Amino acid sequence: MKLRIIPILASLALCGLTGSAAAEEKYVTVGTGGQTGVYYVVGQSICRLVNRDTARTGIKCTAPSTGGSVANLNAIKSGDQNMGVAQSDQQYNAYKGEGAFKEQGPWPELRAVFGVHPEVFTVVARADAGIHSFDDLKGKRVNIGNPGSGQRATMDVVMAAKGWTSADFQLASELKAAEQAQALCDNKIDAMVYVVGHPSGSIQEATTSCDSVIVPVTGKEIDDLVAANSYYAKSSIKGGQYKGTDGDVDSFGVVATFVSSTASSEETIYEMVKAVFDNFDRFKKLHPAFENLNEANMLKDGLSAPLHDGAVKYYKEKGWM
């Protein structure tokens, strides 16, 4: 009888150890965006660096494709995601309870972690569509972005500033970012809008698969938006990055930010931040949009919500705060 009990006890002990080890593992999900966008690269890059040190930290990170900024913020709030990437204007709106988040009200538990790359409000039009300025979009077939995306939220703001509604377009499609370049070149739409870091795979697809141009977004309404909102800034798309656009194109933009909430522990956020900044040179090489990043700007640009305690801990250790 003893010989039979000992293996059972040993087995139970082993199960207990295995359960304990599993409990120590932390699975985190980072919301990104469409697979052709820079947000997806941001999330994948962060997880790639975090997962290099899983044996020590126990953190296992995944970064699935999502609907974008607004969808990520809502998913973090509901607990479906731990953290995510969001435009700086949507981070502000979520924290204050404005814009797309007006009905939900303020979200004081939202936390900023760091800023990433600048993003430009970009309009790409078919060369044969007769679109030379943003105002020329009126009466055309335009992809205004899928609900839940940052591009759609920003487009809604620009349309409101112009006094437009979707009825002002011949067609206002709601395609996801990954679908719009093909739709443009299939002549299903005349133009597409995208708030994105450059160079962008989606813009490259649109400009190499068919004759298309990048359209300036300027004028009094844009000037007023930038002057009234600190999370907006004048920006431009450098010429030579895309076929058909040799000179710089003026527009305005935001900053892509990495965010979480107070539901994520100080330890987890600390290790996420550490993975990025302890391997900063490696991180900057993971996408051309990251090449000019510097730590000082990432600690302040586009951050409308309070910094997470885990981020503050790391930044203080580095002497950056």
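The values are calculated or read from the model by the stated rules, or taken from the named source; none is laboratory data. Because the structure is a prediction, the values reported are computed rather than measured. Note that each Cβ is placed from the backbone with ideal geometry, even for glycine, and that neighbours are counted across all protein chains shown.
Determine whether region 265-286 contains at least one residue that is closer than 30 Å to Lys220 by Cβ, under 20 Å from the mean Cα position of the chain (by Cα) and modelled with pLDDT under 95. Checking region 265-286: not a single residue is closer than 30 Å to Lys220 by Cβ, under 20 Å from the mean Cα position of the chain (by Cα) and modelled with pLDDT under 95. Strands (runs of 3 or more DSSP E) fully within region 78-176 that include at least 3 residues being crowded, with 24+ Cβ neighbours inside 10 Å and at pLDDT 95 or above: 83-87, 110-126.
How many residues are among the charged types (D, E, K, R) and either at pLDDT 95 or above or over 18 Å from the mean Cα position of the chain (by Cα) (or both) when one looks only at region 296-311? Write out each step before concluding.
Step one: of region 296-311, the residues among the charged types (D, E, K, R) are 300-301, 309.
Subset that is either at pLDDT 95 or above or over 18 Å from the mean Cα position of the chain (by Cα) (or both): 309.
Result for region 296-311: 1.
Residues checked against (1) touching a Phe, Trp or Tyr at 6+ places or on another chain (Cβ under 8 Å); (2) over 20 Å from Met298 (Cα atoms); (3) among the aliphatic types (A, V, I, L, M):
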{"residue": "Ile46", "(1), (2), (3)": "yes, no, yes"}
{"residue": "Pro64", "(1), (2), (3)": "no, yes, no"}
{"residue": "Gln81", "(1), (2), (3)": "no, yes, no"}
{"residue": "Val85", "(1), (2), (3)": "yes, no, yes"}
{"residue": "Asn93", "(1), (2), (3)": "yes, no, no"}
{"residue": "Glu119", "(1), (2), (3)": "no, no, no"}
{"residue": "Val124", "(1), (2), (3)": "yes, yes, yes"}
{"residue": "Ser133", "(1), (2), (3)": "no, yes, no"}
{"residue": "Leu137", "(1), (2), (3)": "yes, yes, yes"}
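Candidates are the residues of region 214-233 that are touching a helix residue (DSSP H, G or I) at 6+ places or on another chain (Cβ under 6 Å) and over 21 Å from Lys96 (Cα atoms); the one that is surrounded by the fewest Cβ atoms within 10 Å (Cβ to Cβ) is Glu221.
Taking the criterion of being in contact with a strand residue (DSSP E or B) (Cβ under 6 Å, 6 or more places away or on another chain) and at positive phi, the only residue of region 58-83 that qualifies is Gly58.
Restricting the first member to region 132-159 and to residues that are within 21 Å of Gly197 (Cα to Cα), and the second to residues that are among the β-branched types (Val, Ile, Thr) and assigned to a helix (DSSP H, G or I), the beta-carbon pairs closer than 6 Å and six or more apart or on different chains are Gly148/Val70; Ala153/Val70. Within region 13-37, being surrounded by 16 or more Cβ atoms within 10 Å (Cβ to Cβ) and modelled with pLDDT of 90 or more holds for Lys26, Val28, Thr29, Val30, Gly31, Thr32, Gly33.
Filter region 300-321 down to residues that are surrounded by fewer than 19 Cβ atoms within 10 Å (Cβ to Cβ) and either assigned to a loop (DSSP other than H, G, I, E, B) or among the small types (Gly, Ala, Ser) (or both), then give me how many there are. The total comes to 6. When the residues of region 56-72 are filtered to those that are crowded, with 24+ Cβ neighbours inside 10 Å and over 18 Å from Val157 (Cα atoms), the one that is modelled with the lowest pLDDT is Thr66.
Within region 180-213, restricting attention to residues that are more than 18 Å from Lys238 (Cβ to Cβ), within 22 Å of the chain's Cα centre (by Cα) and free of Cβ contacts under 8 Å to residues at least 40 places away in the same chain, the residue that is surrounded by the most Cβ atoms within 10 Å (Cβ to Cβ) is Gln180. Residue-level check: of (1) surrounded by fewer than 22 Cβ atoms within 10 Å (Cβ to Cβ); (2) out of contact with any helix residue (DSSP H, G or I) (no Cβ under 6 Å at 6 or more places or on another chain); (3) assigned to a helix (DSSP H, G or I), Leu49 misses just (2).
All conditions but one from (1) among the aromatic types (Phe, Trp, Tyr); (2) crowded, with 19+ Cβ neighbours inside 10 Å; (3) free of Cβ contacts under 8 Å to residues at least 60 places away in the same chain; (4) not assigned by TED's automatic domain parsing to the domain that holds Thr154 apply to Phe280; the one that does not is (2).
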